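Derivation of every value follows stated rules applied to the coordinates shown; laboratory data play no part. Fair warning: this is a prediction, and the values are worked out from it, not measured in the lab. Quick reminder, even Gly has a Cβ in these numbers, built from the backbone with ideal geometry, and neighbours come from all protein chains shown.
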Amino acid sequence: MTLIDSPPTDRADATGFPLVDEDPAHHRFRVHRSTMTSPEIFRDELERIFKHCWLYVGHESEVTNPGDYVRRPVAGRPVFMVRGVKSGTVHVFHNTCTHRGAVVCRQRSGNAKVFQCFYHAWTFDSEGQLKGVPDREAYGEKLDFDALALKSVARVESYRGFVFACFDPDVEDLVDYLAGAREYLDLIIDSADGEMEIIKGTNEYCIEANWKLLCENSIDGYHAVSTHDTYFKYLVALGTDLQGGVKGTAKDLGNGHAVLEYAAPWGRPIAKWEPLFGEHAKDEITALRADLVAKHGEERASRMADTNRNMLIYPNLVVNDIMAVTVRTFMPLAPDRMDITAWEMAPRGEQPQLRQRRLDSFLTFLGPAGFATPDDVEALESCQQGFNSGGVEWNDISRGMAREQRGNDEGQMRTFWRRWQQQMGPSSYGEIR
Ligand code: FES
Ligand SMILES: [Fe+2]
């Protein structure tokens, strides 16, 4: 883990940084607004970032049984994740028939022993093997069933249940890629005795804004009090003590990943009571907390129970461990448009009343009609509209450069942008500017 604002080590091309303009001597960090609006930059992002990074596909708990599958778009490409009936392995296949291209897995999710292409009815098993071809004899003896198996995405690995894929066969191993983010995933997973599951059902929505605005927003402590004013007023009305405010730190986790970690006034289903949960929940939460302390010691248990984390795993996975645990990924569709999918994650086998409290907590703040999400969507779309006004070339992301970084500064966003610039390379977009 490196300190926020320590410059990347491989900036040999430091002269070619016109889109991300860093001037430590003057405590200035700027990002050119064409990064949010240019179709050329958008195309290059798909090529240089989304083809080479590990991208979140889904969680193993979504395909628990042999033959379970879910269809997913990853970086805009149709793929599907399936647990092989014979091997028990989780595969991620390109969702395209090896005959003439049709999408093979057409349902969003389900359980199947075989996938039959609807076009000419070629059939593949859950391990991807080609099993059946109608009028087989038409091809003669040499039809190579192995060569015509479904194609796996170049690299597929999982970390403690989180399944990632990468289209670049030469990418570093997932554990190395995750770098400092691993410890934060561990913290969440360990707090549930290692058994987390995705709760069925998703939030899916679209934002008319550049995808990087959501990267910034997801780890932005600065906006919380102003943008989410209504939520804080609501907590106060319920009797929550906000005197302590939101205090925390941000960390650069390597490879563009960053986390914001802070103590917050709201409750946490895992072990921190608040009035929203009701008086009757107090004893239960006290017992949960005692259990965490017994298992993990006071210090780690307190971090699990009392502190919140908003983490960005570069480029497009957000894991929020706040008043509930959410997993959110987003796919750029155009310079000014993205699709977002969010899931809630919970300890496997959680008691129904705890699960209910968690779901309430999740929907109150993070749901599509919750206190946070619509406000954030409005803020991001507003930025995108503002870019169209022109007249201002740069976004300023320098907050906190003149002092030791605090949670509501912008160092974590600078972490993201430095990595972005490294991957995009020296700008060839002079003419766009
Ligand atoms: S395209 Fe799938 S069987 Fe022809
Ligand atoms: Fe927000």
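Give me the net charge for the shell around Asn203: Cβ to Cβ below 12 angstrom, other residues only, Lys and Arg +1, Asp and Glu -1.
Values: positive: Arg328; negative: Glu204, Asp339, Glu344.
Around Asn203, the surrounding residues sum to -2.
For segment 136-292, what's the relative contact order in percent, using C-alpha pairs closer than 8 Å and at least 6 residues apart? Intermediate results must be reported in sequence, preceding the final value.
Values: 113 pairs, mean separation 25.1, N = 157.
Normalised by residue count, the contact order of segment 136-292 is 16 percent.
Got a sec? Charge dipole of segment 55-170, +1 on Cβ for Lys and Arg, -1 for Asp and Glu; which of Gln116, Ser87, Ala147 is way out at the positive end?
Towards the positive end, the residue furthest out is Gln116.
Expressed as a rounded percentage, what relative contact order does the chain have, with Cα pairs under 8 Å and six or more residues apart?
22
Consider just the alpha-carbon atoms of segment 186-315 and return their Rg together with their Dmax, both in angstrom.
My reading of the Cα-based Rg and Dmax gives 16.4, 47 Å.
In what sequence, highest mean first, do 186-192, 297-303, 385-391, 31-37 appear when ranked by Cβ atoms within 10 angstrom?
Details: 186-192: 18.1, 297-303: 13.9, 385-391: 10.9, 31-37: 21.0.
Packing order, densest peptide first, comes out as 31-37, 186-192, 297-303, 385-391.
When ranked by the protection proxy of mean other Cβ atoms within 10 Å per residue, highest first, what sequence do the peptides 371-383, 256-268 form?
On the way: 371-383: 17.1, 256-268: 22.4.
Listed from highest to lowest mean packing, they are 256-268, 371-383.
Tell me the net charge near Gly278. Cut-off is 11 Å between Cβ atoms, Gly278 excluded, with +1 for each Lys or Arg and -1 for each Asp or Glu.
Numbers: positive: Lys282, Arg357; negative: Glu274, Glu279, Glu284, Asp360.
Result for the neighbourhood of Gly278: -2.
Evaluate the relative contact order of segment 55-170 (contact order divided by residue number), counting alpha-carbon pairs under 8 angstrom at least 6 apart; express in whole percent. Intermediate results must be reported in sequence, preceding the final value.
Numbers: 239 pairs, mean separation 29.0, N = 116.
Taking the mean separation of contacting Cα pairs over the length of segment 55-170, I get 25 percent.
Determine, at each q value in 0.11, 0.20, 0.21, 0.25 (inverse angstroms), the log₁₀ of I(q)/I(0) that the Debye formula gives when each Cα of segment 316-395 is one equal point scatterer.
The computed values of log10 I(q)/I(0) come out as -0.40, -0.96, -1.02, -1.23.
Calculate, axis by axis, the spread of Cα positions in segment 55-170 along the three principal axes, and write the results as whole Å, longest axis first.
That works out to 46, 30, 23 Å along the principal axes.
Compare the peptides 345-356, 314-325 by average per-residue count of other Cβ atoms within 10 angstrom and give them in order, highest first. Provide the component values of the computation, followed by the final result.
On the way: 345-356: 15.4, 314-325: 23.9.
The most tightly packed comes first, giving 314-325, 345-356.
What's log10 of I(q)/I(0) for the chain at q = 0.08, 0.09, 0.13 Å⁻¹, Debye sum over Cα points only, no solvent?
With no solvent term, the Cα-only Debye profile gives -0.49, -0.62, -1.20.
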